[in-house]
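The values are calculated or read from the model by the stated rules, or taken from the named source; none is laboratory data. All values derive from a computational prediction rather than experimental measurement. Cβ placement follows ideal geometry from the backbone for every residue including glycine, while neighbour counts extend to all protein chains displayed. Calculation scope for accessible area: heavy atoms of the full protein, side chains included, ligands and nucleic acids excluded. Shrake-Rupley method; radii C 1.70, N 1.55, O 1.52, S 1.80 Å.
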Number of protein chains: 2
Amino acid sequence: MSVLQTAVKLILDRWEASIQNCDVLLKALSDDQLQKEVSPGKNRGVYLLGHLISVHDNMLPLLGFDEKQYPELTKIFIESPDKTIPEIPSVQELRSIWEKQRIYLKAKMDQLKAEDWFERHTAVSEEDFVKEPHRNKLNIILTRTTHLAYHTGQLIYLKQA
Amino acid sequence: MSVLQTAVKLILDRWEASIQNCDVLLKALSDDQLQKEVSPGKNRGVYLLGHLISVHDNMLPLLGFDEKQYPELTKIFIESPDKTIPEIPSVQELRSIWEKQRIYLKAKMDQLKAEDWFERHTAVSEEDFVKEPHRNKLNIILTRTTHLAYHTGQLIYLKQA
């Protein structure tokens, strides 16, 4: 395994492990638990789940894989705070999307070769990329991994709550 | 910048940004706020701060930099749950250690060359490392970065609590 392949494996493994951690937690939580606020006055579990889905959906265009599959979720779960939009998708719908999304994203990610991950992502121009070569596809995975860990640390509070 | 250097920069930048995020949050919280539970019945802020310090302290031997600087914190903040040990360091002491530790760790990390990060960390044997070359020093940084993000997502709940 080359150093390049090792570096890519590191980051993709960490993403996959973080998705897996969150998935195990989501499956351990009932729909009722996910309807609760993670902490008094804070986001509900269902909102955080929708937020993660919407952020991950946006990885598709950023990585040049596809268009967003659930563009309607952006307004609800990224642009609006929790409890400001009366009608949001149910926990069951979101669980089903989460599952489909995991599989789709992984299939797309598996198609990239190690060196492809060092190409620029679509939110950085060619000119900027020359100066900032770390703004590559791998960096998208890395920043979304810490984002996912951040919110998983919050969702855990729904356990036995 | 070589691909190897880019990969290292990605991960070290993400660690540094995560430390920075947490540091800004800690500075925005009062000592009184840090004494509170992050969510009812959950860990106190002071415990999470001590926990992060102790986990980061353990990075020193793992990365071959030094011995633990605060070995006495392991029992309090890693081996014991919160609120089981009556006498723990004060928020002020922990703030001061956090600050010193940041600077010390960064100085040590800055000394490594890009290729050094692909060496094995001290918790993996030479034999295992041949089969699992991703168990390198860079991976220690990456796993501690997601760990830090996870708990930062919890500490944020102390704001305006």
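What to note about this one:
- Neighbours by Cβ (under 6 Å, 6+ apart or cross-chain): first from region B:135-161, within 24 Å of B:Thr122 (Cβ to Cβ) and facing chain A (nearest Cβ under 7 Å); second in a helix (DSSP H, G or I) and of a type in the set (D, E, K, R): B:Leu142/A:Arg14; B:Thr145/B:Arg14
- Which listed residue, of A:Phe129, A:Phe77, A:Phe118, is of a type outside the set (Gly, Ala, Ser), free of Cβ contacts under 8 Å to residues at least 40 places away in the same chain and within 14 Å of chain B (Cβ to nearest Cβ): A:Phe129
- Residue selection: B:Ile53 fails the criterion of being among the β-branched types (Val, Ile, Thr), buried (at least 16 other Cβ atoms within 10 Å of the Cβ) and within 30 Å of A:Phe129 (Cα to Cα).
- Checklist (1) among the β-branched types (Val, Ile, Thr); (2) within 11 Å of chain A (Cβ to nearest Cβ); (3) within 17 Å of A:Tyr150 (Cα to Cα); (4) open to solvent by 10 Å² or more (accessible area, probe 1.4 Å) applied to B:Val3, failing item: (3)
- Qualifying residue in region B:37-44 (condition: within 14 Å of chain A (Cβ to nearest Cβ), open to solvent by less than 20 Å² (accessible area, probe 1.4 Å) and over 22 Å from B:Leu142 (Cβ atoms)): yes
- Looking only at region A:6-20, and only at residues there that are open to solvent by 50 Å² or more (accessible area, probe 1.4 Å) and at the interface with another protein chain (Cβ under 9 Å from one of its Cβ atoms), the one that is farthest from the chain's Cα centre (by Cα): A:Lys9
- Boolean, B:Leu48 is at pLDDT 95 or above and either surrounded by 22 or more Cβ atoms within 10 Å (Cβ to Cβ) or of a type in the set (Lys, Arg) (or both): yes
- Annotation: of all residues in region B:88-105 being assigned to a helix (DSSP H, G or I), open to solvent by 20 Å² or more (accessible area, probe 1.4 Å) and not aliphatic (A, V, I, L, M), the one that is farthest from B:Gln69 (Cα to Cα) is B:Gln92.
Residues checked against (1) open to solvent by less than 60 Å² (accessible area, probe 1.4 Å); (2) not polar (S, T, N, Q):
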{"residue": "A:Ala107", "(1), (2)": "yes, yes"}
{"residue": "A:Glu115", "(1), (2)": "no, yes"}
{"residue": "A:Arg120", "(1), (2)": "no, yes"}
{"residue": "A:Ser125", "(1), (2)": "yes, no"}
{"residue": "A:Arg135", "(1), (2)": "no, yes"}
{"residue": "A:Asn139", "(1), (2)": "yes, no"}
{"residue": "A:Thr143", "(1), (2)": "yes, no"}
{"residue": "A:Thr146", "(1), (2)": "yes, no"}
